């Protein structure tokens, strides 16, 4: 989350750090490490699909329309960034909060992700 209380994806973090590097001419050690991680996480090397801030926001907003995720926007953001392609991946994220999810909600999440990244 950023200071406004919104969730940020890896591609946005990468872009912000690159912009900071361009403005200042350098990054601290920690910022360089964060930039390396953000570049990897936003690339297609992580899950086969590169991330884009617009796609992240579209997936996040669509998942937030599911009743369960209205209480857990952090889980919706995590799923939006991970772009899960299998039921087990969705259930693993949900299990981190020890809540249960109906099979229809899992299918809805998978359908949303597939629709927004162009897989069907």
Going by what's in this entry, would residue 29 be described as out of contact with any helix residue (DSSP H, G or I) (no Cβ under 8 Å at 6 or more places or on another chain) and buried (at least 16 other Cβ atoms within 10 Å of the Cβ)? no
Being closer than 24 Å to residue 11 by Cα and either modelled with pLDDT of 90 or more or surrounded by 16 or more Cβ atoms within 10 Å (Cβ to Cβ) (or both) is the requirement here; does residue 62 meet it? yes
Of 113, 90, which residue is touching a residue at least 40 places away in the same chain (Cβ under 8 Å) and surrounded by 16 or more Cβ atoms within 10 Å (Cβ to Cβ)? 113
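The values are calculated or read from the model by the stated rules, or taken from the named source; none is laboratory data. For clarity, every value in this text was computed on a predicted model and none was experimentally measured. Positions of Cβ are backbone-derived with ideal geometry, glycine not excepted, and every protein chain shown enters the neighbour counts.
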